[in-house]
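Written out below as structure tokens is the structure these notes cover.
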Amino acid sequence: MGTGAAEHRPADAARILVVEDDRTVAEVVSGYLDRAGYVVDRAGDGPAALTHAAAHWPDLVLLDLMLPGMDGLEVCRRMRGRGPVPVIMLTARGDEDDRILGLEVGADDYVTKPFSPRELVLRVESVLRRTRLARTSHEVRPLSAAGLTVDPAARRATKNGSELALTVREFDLLAFFLQHPNRAYSREDLMREVWGWDFGDLSTVTVHVRRLRGKVEDDPARPRLIQTVWGVGYRFDPADGEE
């Protein structure tokens, strides 16, 4: 599709797999991505998405949550079982439980319908940019504080020697906190510095902070490491996590 765009597409253009059962939405999203210079594959259900991915492993997946037969959460689980791939969930529901479920299975971001196709393209660019930066972060030394260790080169995080199962965004957020302790950051700051966005749903940050607390705090209900600074945002206090 999009032969005009293909003529000007770079040889190393990222491959995007759009998994969406609504044909109109799929065509609009695919068209915008194609014009942005990406190679676009499309699938209308979960099994087709897995087949496409096996034949041509994508650089990023745009994945509808509500799919016939096999929902987006299961597709995400199975893809992540085969190998690392950035995933942006598309959902028609703004319910926070859906966002948490998507993040729990490893989605890097979510976009609630209806959405602006232009904004979606910017989200795709942002996730791909962060992924590329993560792959070239070998020059960043491991970071340690309060029993937590983050190795950006290995993309590995541990707590008291036990490995943490973090999503891409959770890892990036924890690394940022360890790099900048004892300083308060607003949700807008974190969205800009960690997500690379100058706009977006700030509840994304809230959800990720809560998920991260659940994995690094001894008592997530009474966080000592990632503290809420009322009226500002969040602050990482490594000294408060030490006995």
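The values are calculated or read from the model by the stated rules, or taken from the named source; none is laboratory data. All values derive from a computational prediction rather than experimental measurement. Neighbour counts are summed over all protein chains in view; Cβ atoms, including those assigned to glycine, are modelled from backbone coordinates with ideal geometry. Only protein heavy atoms, including side chains, enter the accessible area calculation; ligands, DNA and RNA are left aside. Shrake-Rupley method; radii C 1.70, N 1.55, O 1.52, S 1.80 Å.
Taking the centroid of alpha carbons for each part, the stretch 40-92 and the stretch 141-216 are 25 Å apart. Counting only protein heavy atoms and using a 1.4 Å probe, the accessible area of Met70 comes to about 30 Å². Each residue, Leu128 and Arg192, gets one label point 7 Å from its Cα in the Cβ direction; the gap between the two is 2.5 nm.
Computed packing ranks the peptides 223-234, 204-215 as 204-215, 223-234, most packed first, by mean other Cβ atoms within 10 Å. Each Lys or Arg adds one and each Asp or Glu subtracts one; over the other residues with Cβ under 13 Å from the Cβ of Glu27, this totals -1. Each residue, Ser162 and Arg118, gets one label point 7 Å from its Cα in the Cβ direction; the gap between the two is 4.8 nm.
If you take every residue apart from Arg169 with its C-beta less than 10 Å away from the C-beta of Arg169, what net charge results, scoring Lys and Arg +1 and Asp and Glu -1? After counting each charged neighbour, the total is -2.
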